[in-house]
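Submitted below is the structure of interest, expressed as structure tokens.
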Amino acid sequence: MLETLIDQHVQCLKQLKTLSSVITETAMMLNNALSSGGKLLICGNGGSAADAQHFAAEIIGRFERDRRAWPAIALSTDTSILTAIGNDYGFDDVFSRQVEGLGRPGDVWIGISTSGNSANVIRAAASARAMGISTVGLLGRDGGVLKHQVDAAIVIDHTVTARIQEAHIFILHYWAGYIETQLTAETETKD
């Protein structure tokens with residue numbers, strides 16, 4: 001059983017080599033947004049919400065080195081906002097309303113969905129695009145509806161949610177390291 005899971009994990013991660021261009025281009029997009037004064041707005045449901053929070057923590061806190069904080073917001077964390085919007089507008093709007101209130105052109109919105117079909121994430125993407133905010137989908141399976149509604153779609157072609165999430169966290173760690181290295185170098189150059 002364990003050996004089978006390890007084999008699935010390794011096989012799933014190997015496909016990231018074929019996605020290296022879009023993963024790296026997206027890292028550059030995120031870096032440029034933060035470098036220019038923008039912020040990252042990140043959302044997802046369940047385990048993807050946890051990944052959104054994890055990534056925001058890496059950007060605001062630290063990944064591997066001490067440095068200044070950069071702005072990132074996990075849209076799944078404020079229970080008062082989530083329950084108010086969910087109650088007053090419906091669960092499908094819990095992220096889109098936050099994008100409307102917090103987002104600005106120059107920001108980057110990141111939607112994490114292992115299916116690519118989460119209605120609340122899809123609506124948030126639409127809100128972001130309508131506001132001129134760059135959009136990224138960190139997706140699974142065939143990418144779902146969201147694959148065609150974002151500027152950059154990274155699709156982990158696998159059917160097991162756990163393996164998709166493991167690949168997503170690997171990518172998020174890569175992005176955190178890339179951003180930390182690039183922005184720290186920019187700050188040191190300016191000093």
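Rounded, prolate or oblate: which fits the stretch 36-174, taking a ≥ b ≥ c as square roots of the Cα gyration tensor eigenvalues, rounded meaning a/c under 1.5, else prolate when a/b beats b/c?
Note, shape of the stretch 36-174 comes out rounded.
Between Thr4 and Arg129, with labels modelled 7 Å along Cα→Cβ, what's the label distance in nm to one decimal, could you check?
The answer from the label model is 3.9 nm.
May I ask you to give the solvent-accessible area per residue for the chain, in square angstrom, as obtained with a 1.4 angstrom probe?
Normalised by residue count, the accessible surface of the chain is 47 Å².
Something else now. Could you state how much accessible area Glu186 has, in square angstrom rounded to the nearest 10, with a 1.4 Å probe and all protein chains kept in place?
Roll a 1.4 Å probe over it and Glu186 shows about 60 Å².
Just how far, in whole angstrom, is the stretch 131-191 from the stretch 70-86 if you go by their alpha carbon centroids?
Each part's Cα centre sits 20 Å from the other's.
Follow-up question, since we're still on this one. By its C-alpha gyration tensor, with a ≥ b ≥ c as the square roots of the eigenvalues, how is the stretch 20-113 shaped: rounded for a/c under 1.5, else prolate for a/b larger than b/c, else oblate?
prolate
For a test of the definition: using alpha carbon positions, the gyration tensor, and the 1.5 limit on a/c, classify the stretch 98-165 as rounded, prolate or oblate.
prolate
I've got another one for you. Suppose only helical runs count, i.e. DSSP H with n ≥ 4. What mean residue ellipticity at 222 nm does that imply for the chain under -39500 (n - 2.57) per run, divided by all residues and rounded to the nearest 500 deg cm²/dmol?
So the calculated ellipticity at 222 nm is -17500 deg cm²/dmol.
The values are calculated or read from the model by the stated rules, or taken from the named source; none is laboratory data. Everything numeric in this text was worked out from a predicted model, so none of it was measured. Note that we place each Cβ from the backbone using ideal geometry, even for glycine, and neighbour counts take in every protein chain shown. With ligands, DNA and RNA removed, areas are computed over all heavy atoms of the protein, side chains included. Shrake-Rupley method; radii C 1.70, N 1.55, O 1.52, S 1.80 Å.
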